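None of the figures in this text is laboratory data; all of them are computed from the coordinates on show. None of these values were measured; they are calculated from a predicted model. Backbone-built Cβ (ideal geometry, glycine too); neighbour counts: all protein chains shown.
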Ligand code: GCU
């Protein structure tokens, strides 16, 4: 009798049928802690936004340390005007964001040669080393830790033979043809994605206790570190004359979409924020308990999940989502009044496509208080139809991924909100 009960306790209760979604009540992003209702931009900016920010910080991603006093060192390792048959200039930077005593990251940048003025730029992290994002033979192979999928057999070193292995996810040429620059860094350069990865990343390098740090509740975790990395990329781009860093879109797929949303929330220099299939911990409403849940993602069930992504408190809401004092709409509302795009995929029930849409729907009142139309619809669109105004949304047919259809929608949206031409 005991055994089946024990087994039950380890099986995460997730929902994959809409009819099983429990009734839930979302907190109102426009009601201040003291009960005041936000009806103007001033109150949002000065009172409520800082409160919403703190709720996301304390309960999900933790506090990012201020590194603005540290002096970055930027070197160009390689540059050529001949990328993509002469359409783009490729620059490969090596950056020591906290000085040469700390670790470095390698940034790949493509800028369209045809641009008549500094080009707007898409800024995003990649999963498997820069050389996996393109067939371009000149792109360097990462030297930091990579996961098994990208490693030479039996090692944690990136496999040079996997050049272009993620190229389908990176429409550099499409963007170049449309006048956009693209910058990417392998996310493991900031922090290797495993529970001990922080010891070899920037979190240890920045912490006074280094690799001996005992992380406390409220301090940053891996997603916070990747988001910090996106801002360090923007620091470098601000100094590149051929790029207009005031028109920068931060984007990311899946766990990197969570990081992109958090980067957009923390760093208002990003003019446009994109979440691709970010799901739980990203755009999807947790209180729906649909697909991946707080308990699953935060490592509540032994042997599953990603406890190193979040600050400790997030896990305490496992199976207690009704007690969360926030939800995904708070994270999305932190992009306001800037343009935001949320994208789902029809077969990606783990990321809860409808929950991602509803996250955007419930961020809308914040956009409206700030004088923006936002998503301006509550109607779930059919697949392949992009909807929205300041906030865009589409559901692409197919699996969890970021593909040409997604990129076309991001570029179309960018043509409106940060046009290249
Ligand atoms: C897992 C995880 C998701 C995450 C995804 C990814 O599926 O459960 O939360 O978004 O990995 O990053 O690909």
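General remarks:
- Once the Cα-Cα distance is subtracted from the 0.36 nm per residue extended length, the residue 32 to residue 346 segment shows a gain of 109.5 nm.
- For segment 280-317, the residues whose backbone nitrogen is under 12 Å from a point 7 Å from the Cα of residue 16, taken along Cα to Cβ, are 291-292.
- GNM remark for the chain: springs join alpha carbons under 10 Å apart, and the peak mean-square fluctuation among 32, 225, 280 falls on 32.
- Exposure proxy shown here: for 378, 69, the number of other Cβ atoms within 10 Å sets the order, fewest to most, as 69, 378.
- Applying 1/(1 + (r/R0)^6) with R0 = 41 Å to the Cβ-Cβ distance of residue 68 and residue 385 gives a FRET efficiency near 0.45.
- Alpha carbon centroid spacing (whole Å) that separates segment 258-286 from segment 30-51: 21
- Burial ordering of 63, 255, fewest other beta-carbon atoms within 10 Å first: 63, 255
- Segment 22-95: proportion of alpha-carbon pairs further apart than 19 angstrom, %: 65
- Treating each Cα of the chain as one equal point scatterer and applying the Debye formula with no solvent, the log10 of I(q)/I(0) at q = 0.07, 0.08, 0.12, 0.15 Å⁻¹ comes out as -0.31, -0.41, -0.96, -1.52.
- Debye intensity ratio in log₁₀ form over the Cα atoms of segment 288-341, taken at each q of 0.25 Å⁻¹: -0.99
- Inter-part distance, segment 111-154 to segment 206-226, computed on C-alpha centroids, equals 26 Å.
- Comparing 124, 85, 257 in a Gaussian network model of the chain, where Cα atoms under 10 Å apart are tied by springs, the biggest mean-square fluctuation is seen for 85.
- Residue-averaged 222 nm ellipticity for the chain, from DSSP H runs of 4+ at -39500 (n - 2.57), nearest 500: -7000 deg cm²/dmol
- Structure remark: mean-square fluctuation, Gaussian network model of the chain, C-alpha springs under 10 Å; the largest value among 74, 240, 146 belongs to 240.
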